[in-house]
Amino acid sequence: MLATPLLNPHKWVENHADYLYAYAISRVNDEEQARDLVQDVFLAALQRADKFEGKSTERTWLTAILKNKIIDVYRKKSSALNKPEDIVEEQVRQDFFAEDGHWREDTYPREFVAEQQDALHDKEFNSVLQQCMQKLPALWLAVFTMKHMEDQASNVICTELKLSDSNFWVIIHRAKLNLRACLQKNWI
């Protein structure tokens, strides 16, 4: 591997490791896996340095490689957890709705009021949100993160994680319901 004049691999750890680690940990919620992903990114970048065209910054290019590595993690986790759609939909009905189709009293949505107070308040909220996200099953976390943190289009998520449209919407709905319940319990 010969480094191009556009890249400086000797400075990657110093210049980009903290940023890439923070990016990875916020998406995989596993410190060891986040560290491994950053190392994998540096190795992959070294192997593909000749493909870097300089159309983006070094950090943007490394982040794009990291995004692909994170999607691979999501895909691996989701392939082991994929359930047939009808089982997932039936579980949603049982968990949240009575037989008549209305909300069960104990799962009925309560009013959610989020007021912006200060930076400390935001930091506390984000900490509780991260704890709640860690409680989600891996597939739900992957779908929720890709949709709401990565801003990926639904069809891209379905393709990447090999989900049907209806399964995607059931999963995103269940993830939101669980996060709301967790936030209502631990934050409000």
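No value in this document is a laboratory result; all are computed from the given coordinates. All of these numbers come straight from a predicted model, not from anything done at the bench. Glycine also receives a Cβ, built like all others from the backbone with ideal geometry; neighbour counts cover every protein chain displayed.
A Förster radius of 35 Å combined with the Cβ-Cβ distance from ARG180 to LYS123 puts the calculated FRET efficiency at roughly 0.95. Spin-label model, THR60/GLU31: points 7 Å from Cα along the beta carbon direction are separated by 3.3 nm. Coupling constants for the stretch 56-71 follow from the phi torsions by the Karplus curve (6.51 cos²θ - 1.76 cosθ + 1.60, θ = phi - 60°), and in residue order they are 9, 6, 4, 5, 4, 5, 5, 5, 4, 5, 4, 4, 5, 5, 5, 4 Hz; glycine and proline get x.
Applying 0.36 nm per residue to the separation of LEU6 and ARG48 and subtracting their alpha-carbon distance, the gain on full extension is 13.8 nm. Of HIS173, HIS10, the sequence from fewest to most neighbouring Cβ atoms within 10 angstrom is HIS10, HIS173. Sorted on the mean count of surrounding Cβ atoms within 10 Å across their residues, most packed first, peptides 47-55, 175-183 read 175-183, 47-55. Grab the beta carbon distance between GLN131 and GLU105, set R0 = 22 Å, and tell me the FRET efficiency rounded to 0.05. So, using R0 = 22 Å, E works out to roughly 0.25. Note on ALA17 and TRP187: the model spin-label points, each 7 Å out from Cα along the C-beta direction, lie 3.3 nm apart. When only Cα pairs below 8 angstrom with a gap of at least 6 residues are kept, the stretch 9-80 shows a relative contact order of 35 percent.
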